[in-house]
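The next block holds one structure in the form of structure tokens; read it before the comments.
The values are calculated or read from the model by the stated rules, or taken from the named source; none is laboratory data. Predicted, not measured: the structure shown is a model, and the values here were computed from it. Every residue, glycine as well, gets a Cβ built from its backbone with ideal geometry; the counts of neighbours run over all protein chains shown. With ligands, DNA and RNA removed, areas are computed over all heavy atoms of the protein, side chains included. Shrake-Rupley method; radii C 1.70, N 1.55, O 1.52, S 1.80 Å.
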Amino acid sequence: MAESSSYLTATADAYDAVAQLYADLVRDSLDRLPLDRAIVSVFAELVRKEGPRPVVEAGCGPGYMTAHLRDLGLDAYGIDLSPALLDIARKDYPGLRFELGSMDAIDVPDGELGGLLSWYSAIHVPPPEMPAYFAEFRRVLAPGGHLLIGFFESGGGPVEEFDHKVTPAYRWPIDELAELAGKEEFVEVGRMLREPLEDERFRRGHLLMRRQAAATG
């Protein structure tokens with residue numbers, strides 16, 4: 001627990017220190033990413049079909065993706081570790097709800113959510129802790145609920161730490177991430193790998209998954 005608490009505090013402090021710079025950098029980032037927008041749109045469509053349940057963006061940062069989910073017709077709100085980023089999100093999107101919280105301890109009852117988005121936020125989770133995050137995602141999602149994770153893909157290699165500009169982060173092989181999710185009652189719906197743009201360093205990975213009901217008998 002002490003190690004986890006230390007990692008969460010370090011991540012929050014690192015983003016607090018560059019909050020406005022980071023917000024300015026990412027605010028309009030979706031405008032030039034049609035493939036990324038497409039898989040988020042599919043996620044939103046599938047969540048809407050399952051019925052009117054709330055959706056959480058876990059690690060919402062300055063809130064631009066939470067606002068995008070709202071614009072796609074979802075009852076979305078965001079949680080994040082960084083008070084400074086949440087202040088920006090509340091200022092930029094005053095009609096939306098943003099709460100201080102961690103992805104590994106989401107303050108909702110079991111089975112409450114219809115969808116959960118982790119958009120380049122789980123990249124900071126140390127690999128040994130990732131299974132616990134999938135367990136928490138399973139807990140908060142209703143059976144049939146959908147999970148979408150955006151991350152940096154390792155290009156077929158093993159999990160690898162890299163020098164993220166804010167705080168340490170990890171690149172994952174997409175098959176290994178899907179396997180971890182599968183151990184927590186998630187089945188893969190689809191995946192999208194995108195090659196880096198000219199000003200990007202790494203391939204981008206996106207996994208769209210659905211939570212199954214627990215097996216009985």
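Computed quantities for the displayed model
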quantity	calculated
Conditions (1) under 25 Å from P34 (Cα atoms); (2) at pLDDT below 95: number failed by E57	(2)
Enumeration of residues in the stretch 15-30 that are at pLDDT 90 or above and within 14 Å of L81 (Cα to Cα)	D16, A17, V18, A19
Of residues in the stretch 121-141 being buried (at least 18 other Cβ atoms within 10 Å of the Cβ) and either of a type in the set (A, V, I, L, M) or modelled with pLDDT under 95 (or both), the one farthest from V187 (Cα to Cα)	H124
Filter result (open to solvent by 20 Å² or more (accessible area, probe 1.4 Å), in contact (Cβ under 8 Å) with a residue 40 or more places away in the chain and among the hydrophobic types (A, V, I, L, M, F, W, C)) within the stretch 18-32	V18
Pair list, Cβ under 8 Å, 6 or more apart: the stretch 97-117 residue among the basic types (K, R), other residue open to solvent by less than 20 Å² (accessible area, probe 1.4 Å) and in a strand (DSSP E or B)	R97/Y77; R97/G78
When residues of the stretch 33-54 are limited to those that are charged (D, E, K, R) and part of a helix (DSSP H, G or I), the one most open to solvent (accessible area, probe 1.4 Å)	K49
Of the criteria (1) open to solvent by 20 Å² or more (accessible area, probe 1.4 Å); (2) in contact with a Pro (Cβ under 6 Å, 6 or more places away or on another chain), which one S154 fails	(1)
Residues being touching a residue at least 12 places away in the same chain (Cβ under 8 Å), open to solvent by 30 Å² or more (accessible area, probe 1.4 Å) and not in a helix (DSSP H, G or I) - total across the stretch 166-195	12
Every residue from the stretch 169-189 that is farther than 20 Å from A142 by Cβ and under 16 Å from the mean Cα position of the chain (by Cα)	A169, Y170, R171, W172, I174, L177, A178, L180
Flag if L85 is among the aliphatic types (A, V, I, L, M) and either over 28 Å from E129 (Cβ atoms) or open to solvent by 70 Å² or more (accessible area, probe 1.4 Å) (or both)	no
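This table checks each residue for (1) touching a Lys or Arg at 6+ places or on another chain (Cβ under 9 Å); (2) charged (D, E, K, R).
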| residue | (1), (2) |
| --- | --- |
| D13 | no, yes |
| V18 | yes, no |
| L30 | yes, no |
| I39 | yes, no |
| G63 | yes, no |
| R70 | no, yes |
| L86 | no, no |
| G115 | yes, no |
